[in-house]
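K.L.:
Once you've had a glance at the structure underneath, I'll fire off some questions.
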Amino acid sequence: MTTLIKIKRDSIKKNPNAGRDSVQIPMPWQVTFETNMTKDELPEWLQGNITEWSIGTDHSLTKGWLGVVDDRVMEYAYSVIKDGNRFSIEAKRDIQTIRSITPEPKYNYKYKNTKVKCNHCQQMIPVNDIKKDVYEGIFDVCPKCGDGDTFDYKYEQIEDAIRKEEAIKEINKPHTINQQYDDKT
Ligand SMILES: [Zn+2]
């Protein structure tokens, strides 16, 4: 006889992310700076971060990127601005949407650790103790006798569990009966 491994009823929880098929991941910060100062005017530690520079009509414009905005950059920016230069820092980050092939399930749940009989050694083994072996497919190994595929069980499907639960709720629901009496008194 096939043993049904039932879903723990109190473990069934609605998945708040149900149906969601994507996650949004914030990407690293992209920090750039822009200044009217020429490349050579900048301190050496900052020069290494310059990716591009262009000369505008009235002044030269130097652009670069920064790995991090640390105090050194902020202090430097502050000091050159005080001297009448232009120095702006811009930080932005993109959000990347990753789509998954399998959408999040509607419910999260656990199975009861039901005992299943080994057809070889006749021992009752909790289903979670049954070992899995991979040999041309996955098969069960009895932890007591070591024999393979000696168990007969199947896992309850969540859809069936939900259906049964709803049916029970329906039975236990207080019925509103519209009683009509023929008043023949
Ligand atoms: Zn066994």
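Rule-based calculations on the coordinates, nothing more; no lab input. Just so it is clear, the model here is predicted, and its values are computed rather than measured. Backbone-built Cβ (ideal geometry, glycine too); neighbour counts: all protein chains shown.
K.L.:
Rounded to the nearest 10 degrees, what's the angle between the helix 158-172 long axis and the longest principal axis of the chain, both from Cα atoms, 0 to 90?
P.N.:
60
K.L.:
In terms of Cα to Cα distance under 26 Å, which lysines are near enough to LYS132, apart from those fewer than 8 places away along the same chain?
P.N.:
Cα-Cα hits under 26 Å: LYS6, LYS8, LYS110, LYS112, LYS115, LYS117, LYS144, LYS154.
K.L.:
How much length would be gained if the chain were fully extended between MET27 and SER11, taking 0.36 nm per residue of separation minus their Cα-Cα distance, in nm to one decimal? Let's see the in-between values first.
P.N.:
Working: separation 16, 0.36 × 16 = 5.76 nm, distance 3.53 nm.
This chain segment gains 2.2 nm when fully extended.
K.L.:
ARG163: net charge of surrounding residues, Cβ under 15 Å, Lys/Arg +1, Asp/Glu -1, itself excluded? All intermediate terms of the calculation are to be shown ahead of the outcome.
P.N.:
Details: positive: LYS6, ARG9, LYS106, LYS164, LYS169; negative: GLU156, GLU159, ASP160, GLU165, GLU166, GLU170.
Surrounding charge for ARG163 is -1.
K.L.:
Can you pull the one-decimal nm distance between simple spin-label points at LYS132 and THR102, each 7 Å off the Cα toward Cβ?
P.N.:
Once both label points are built, they end up 1.1 nm from each other.
K.L.:
Only bridges whose two residues both fall in the chain count here: according to DSSP, what percent of them are antiparallel, nearest 5?
P.N.:
Numbers: 32 of 35 bridges.
The answer is about 90 percent antiparallel.
K.L.:
Hey, what angle do you get for helix 71-82 against the long axis of the chain, alpha-carbon based, 0 to 90 degrees rounded to 10?
P.N.:
40
K.L.:
Based on the Cα atoms of the chain, what semi-axes does the equivalent ellipsoid have, where each is the square root of 5 times one gyration tensor eigenvalue, given in whole Å with the largest first?
P.N.:
Details: eigenvalues 934, 209, 32 Å².
Output for the chain: semi-axes of 68, 32, 13 Å.
K.L.:
Longest span of the chain, sites excluded, free of chymotrypsin sites (Phe, Trp or Tyr not before Pro) in DSSP loop with at most 12 other C-beta atoms within 10 Å? Mind showing how you got there, number by number?
P.N.:
Working: sites that count: TYR135, TYR181.
For chymotrypsin sites (Phe, Trp or Tyr not before Pro) (loop position, at most 12 other Cβ atoms within 10 Å), the longest site-free span of the chain is 1-134.
K.L.:
How big is the charge dipole of the chain about its Cα centre, in debye rounded to the nearest 20, if each Lys and Arg gets +1 on its Cβ and each Asp and Glu gets -1 on its Cβ? Please report the intermediate quantities before stating the final value.
P.N.:
Working: 28 positive and 30 negative charges, 249 e Å.
The calculated dipole for the chain is roughly 1200 debye.
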